[in-house]
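Notes for the one structure printed next.
Values quoted throughout were computed directly from the atomic coordinates according to the rules given, and no laboratory measurement underlies them. Remember, predicted model here, so these are calculated numbers, not experimental data. Here the Cβ positions follow ideal geometry from the backbone for every residue, glycine too, while neighbour counts run over all protein chains shown.
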């Protein structure tokens, strides 16, 4: 068989085709790769996601789609593409972490030879050349547990909120503390920390990365475009809920890992409560008792704006982008404080935790 393949790929008139084909008969670097896609009512975004996998993956790479109670026919869509569909039990609260854990554990159980798992959200499209480069990087450096690349927003000019996400995704290249939901992860590392914390409704990726780093693993952001994300955030109310969810993640992250030496999310927690609640509350509450001089405290917001603007300007060459980023960062302190408060109240009352959706 080996001799026959050599004859076909080297000696035959079709040798140039086989040599230029992105995937050989053995899949090259992708032969030990599996893919986990998660989603909930992503509609056409999921179709584009699965099309990108169908286009870029050889048929021997196993793909599972984990669905969190979609009502738009998403499971049927994934089945039409020929992928394994794993619907989550609705009696247990849905979380992205739970979906990812279900997916990678299924793959490892049914394909024990896998060494790498690419996680892909259902609102994202995989981009060419990412997988080969990412797998090669993990093979080069056995200390790396996770590699991620540039996430590019699909329609950054359709709304300021999409533009904000595109700027948010543009993180520094090199060794990183955390990754996002889209990443290539070594199976050995996933097993060591038992993957994601399924109880977290958000912030599950930084939580897992923190636990990986505690075990000596490293995370790296590569200078390669990885996925195209369709955030589809076109209304202020959507952005507001997304920021509330971010505040929840800050408070829950601090609750889990806020003690030294990590002090995880300690600074963010203080910032959210200070700018989103304490400063405006005392500025207004003390106004009648201070001849309204306490209202001068509100000048802290322009000062915060310029601080963020100057910091962002060092990273982004566009004054317009830096202005937009700083402005919305200041505004975000208010929904962030609400999200942090929601988490603390839920913790105190021991209420059931439900996902915070913004689409």
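Helix 319-331 and the longest principal axis of the C-alpha atoms of the chain enclose an angle of approximately 60°. When peptides 183-190, 133-140 are ranked by their average number of other Cβ atoms within 10 Å per residue, the highest-first order is 183-190, 133-140. Extension gain, residue 215-residue 305: 0.36 nm per intervening residue step, less the Cα-Cα distance, totals 28.6 nm. For P(r) over Cα pairs in 20 Å bins from 0, in percent, computed directly from the structure shown, the correct entry in (i) 22, 42, 33, 2; (ii) 26, 55, 16, 3, 0; (iii) 30, 56, 13, 1 is (ii).
Extending 7 Å from Cα along the Cβ direction at residue 32 and again at residue 289 yields two label points whose distance is 6.6 nm.
Could you state the angle between the C-alpha long axis of helix 96-110 and the longest principal axis of the C-alpha atoms of the chain, as a value from 0 to 90 degrees rounded to the nearest 10? The angle comes out at about 20 degrees. Once you reduce region 295-326 and region 254-281 to the center of their Cα atoms, the two points are 20 Å from each other.
Every helix of 4 or more DSSP H residues in the chain counts as -39500 (n - 2.57), and over all residues that averages to -14000 deg cm²/dmol at 222 nm.
Residues 157, 257, arranged from fewest to most other Cβ atoms within 10 angstrom of their Cβ, appear as 157, 257.
Give the shape of region 239-349 as rounded, prolate or oblate, defined through the alpha-carbon gyration tensor: a ≥ b ≥ c are the square roots of its eigenvalues, a/c under 1.5 means rounded, and otherwise the shape is prolate if a/b is larger than b/c and oblate if not. Note, shape of region 239-349 comes out oblate. Counting only alpha carbon atoms, the long axis of helix 44-56 and the longest principal axis of the chain meet at about 40°. Annotation for residue 139 and residue 177: the two label points, set 7 Å from Cα along the Cα-Cβ direction, are 3.3 nm apart. As a proxy for reagent exposure, 84, 102 were ordered by neighbouring Cβ count within 10 angstrom, fewest first; the result is 84, 102. Put a dot 7 Å past the Cα of residue 319, heading toward its Cβ, do the same for residue 348, and the two dots end up 4.7 nm apart.
Multiplying the residue separation of residue 113 and residue 267 by 0.36 nm and removing their Cα-Cα distance gives an extension gain of 51.2 nm. Taking a ≥ b ≥ c as the square roots of the eigenvalues of the Cα gyration tensor of region 31-234, is the shape rounded (a/c under 1.5), prolate (a/b larger than b/c) or oblate? Since a/c stays below 1.5, the shape of region 31-234 is classed as rounded. The alpha carbon centroids of region 138-179 and region 39-95 are separated by 22 Å. By the count of neighbouring beta-carbon atoms within 10 Å, fewest first, 255, 110 end up ordered 110, 255. For region 31-234, what proportion of DSSP beta bridges, expressed in % and rounded to the nearest 5, is antiparallel? Given both bridge residues lie in region 31-234, the antiparallel proportion sits at roughly 35 percent. Quick check on region 146-284: take the gyration tensor over C-alpha atoms, sort the square-rooted eigenvalues as a ≥ b ≥ c, and tell me if it's rounded (a/c under 1.5), prolate or oblate. It comes out oblate by the Cα gyration axes. Between residue 105 and residue 81, the contour length at 0.36 nm per residue exceeds the alpha carbon distance by 6.5 nm. Summarising the strand pairing of the chain, around 35 percent of its internal DSSP beta bridges are antiparallel.
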